[in-house]
Amino acid sequence: MVTPFHDETVASFIHRIAAANHVSDKDLRELLGVRMLKRTPITALIEPLSIVTGFNESLLRLALPEFGPEAVSNEPGHFGRPLAQRMRSLERPACRRCVHAAGITGQVNRWTTHEKNVCLRHRLWIGDGCVEADDQIDISILTSTIRAQRHHRNLIPRHGRRQVRDAFSGARSVFISLVENRSADPFGVIAEARLHLRDVGGQPAPPSTALGILFHPQIVTLTGLLANREWVRRARRSGHVGWLAGEVTRRGILVGYRPEKADPLFQWVETHLLHHKFMDFYGYRSYGVFFPEETVRMPPRPRPLAQPSPAMPADAGHSPGPS
Ligand SMILES: [Zn+2]
């Protein structure tokens with residue numbers, strides 16, 4: 001089933017296809033037989049577009065996200081793709097150097113997915129914090145951030161897109177909050193990094209963006225840890241988060257980390273377990289509520305009702321270390 005779109009989306013869709021094919025919007029509308037923009041659902045455009053282009057409909061559904069399925073789908077080729085729905089899609093400027101290399105002078109915005117934060121070809125940060133193409137920052141000096149991009153991509157086949165996407169948004173906010181709460185920049189590392197991380201206009205990256213770029217390797221490592229169901233299994237078995245906290249230090253994410261009830265990682269853990277209880281109860285359709293922006297596979301099979309959750313808060317101060 002294809003999600004219905006607003007008429008503005010139909011207009012912008014026609015504008016985009018017309019521009020790419022060097023024809024006017026009016027000519028394309030006439031070619032496709034679209035008379036009333038406001039009354040034409042986007043699904044009605046697949047058939048005429050297929051006739052005009054010579055591509056079959058299944059190919060058009062793969063090429064154009066507007067024709068794609070709902071957020072949760074098992075249709076081959078349709079998971080792991082950006083959603084093109086108003087108010088939900090993740091839209092960022094494409095790498096400005098890739099755009100220039102294609103001979104395009106203006107900014108190109110694209111629907112994207114959470115793991116596309118670095119253009120590996122041009123060593124440019126294209127992730128969080130990039131609202132305009134000129135906000136993209138050269139990170140050639142940060143080889144570990146560039147390596148983290150590959151690491152992040154490899155986590156998806158290992159743990160599943162649904163888990164990695166959820167874990168990454170959590171890991172990023174958790175890690176930045178933990179660093180900011182400690183308010184420690186004893187060697188001036190962050191201030192120094194901001195001097196080097198500059199946009200096209202020479203302006204230093206905003207502090208939150210600089211933090212996200214500088215600590216991207218730690219954030220991606222934390223993502224891998226949180227996406228791995230091993231910590232959930234151990235927490236449920238032992239009733240505390242000692243193993244998870246120990247791994248945070250052992251993997252070099254935040255050395256000496258000790259969980260406290262009020263800290264951001266602890267709060268994420270509690271919320272995460274609550275979400276899973278909710279989804280176990282209400283089924284896969286609720287995934288779309290918690291994980292917008294990208295299409296994901298359905299879970300392999302419906303799971304039984306959740307078991308009682310572990311007594312996390314009581315053992316928050318358990319000493320870190322593998323259990
Ligand atoms: Zn590029």
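The values are calculated or read from the model by the stated rules, or taken from the named source; none is laboratory data. Keep in mind that what you see is a predicted model, and the values were worked out from it rather than measured. Cβ coordinates were reconstructed from backbone atoms using ideal geometry, including for glycine residues, and neighbour counts include every protein chain displayed.
If only residues of the stretch 131-155 that are hydrophobic (A, V, I, L, M, F, W, C) and free of Cβ contacts under 8 Å to residues at least 40 places away in the same chain are counted, the one that is nearest to I219 (Cα to Cα) is I146. Selection of the stretch 136-172 for residues being within 16 Å of the chain's Cα centre (by Cα) and within 16 Å of the ligand (Cβ to nearest atom) yields Q149, R150, R153. Checked against (1) over 20 Å from the mean Cα position of the chain (by Cα); (2) more than 12 Å from the ligand (Cβ to nearest atom), T112 meets all criteria but (1).
Within the stretch 69-103, take every residue that is within 12 Å of the ligand (Cβ to nearest atom) and exposed (fewer than 14 other Cβ atoms within 10 Å of the Cβ) and give me the one that is modelled with the lowest pLDDT. Ranking the qualifying residues of the stretch 69-103, first place goes to A102.
Check whether at least one residue in the stretch 145-168 is under 26 Å from F266 (Cα atoms) and outside the structural domain of E247 (by TED's automatic domain parsing), and report yes or no. Taking every residue of the stretch 145-168 in turn, none turns out to be under 26 Å from F266 (Cα atoms) and outside the structural domain of E247 (by TED's automatic domain parsing).
Yes or no: L32 away from the ligand (no atom under 14 Å from the Cβ), farther than 30 Å from L211 by Cα and more than 20 Å from the chain's Cα centre (by Cα)? In short, yes. Would you check if there is a residue in the stretch 28-48 being free of Cβ contacts under 8 Å to residues at least 24 places away in the same chain and of a type in the set (S, T, Y)? No, the stretch 28-48 has no match at all.
Looking at the stretch 90-116, which of its residues are under 26 Å from R161 (Cα atoms) and β-branched (V, I, T)?
So the first thing to find is which residues in the stretch 90-116 are under 26 Å from R161 (Cα atoms), and the list is 90-95, 98, 108-116.
Those that are under 26 Å from R161 (Cα atoms) and β-branched (V, I, T): V108, T112, T113.
Checking each residue in the stretch 115-135 for being over 17 Å from the mean Cα position of the chain (by Cα) and either more than 12 Å from the ligand (Cβ to nearest atom) or in the same structural domain as G202 (by TED's automatic domain parsing) (or both) picks out E132, D134, D135.
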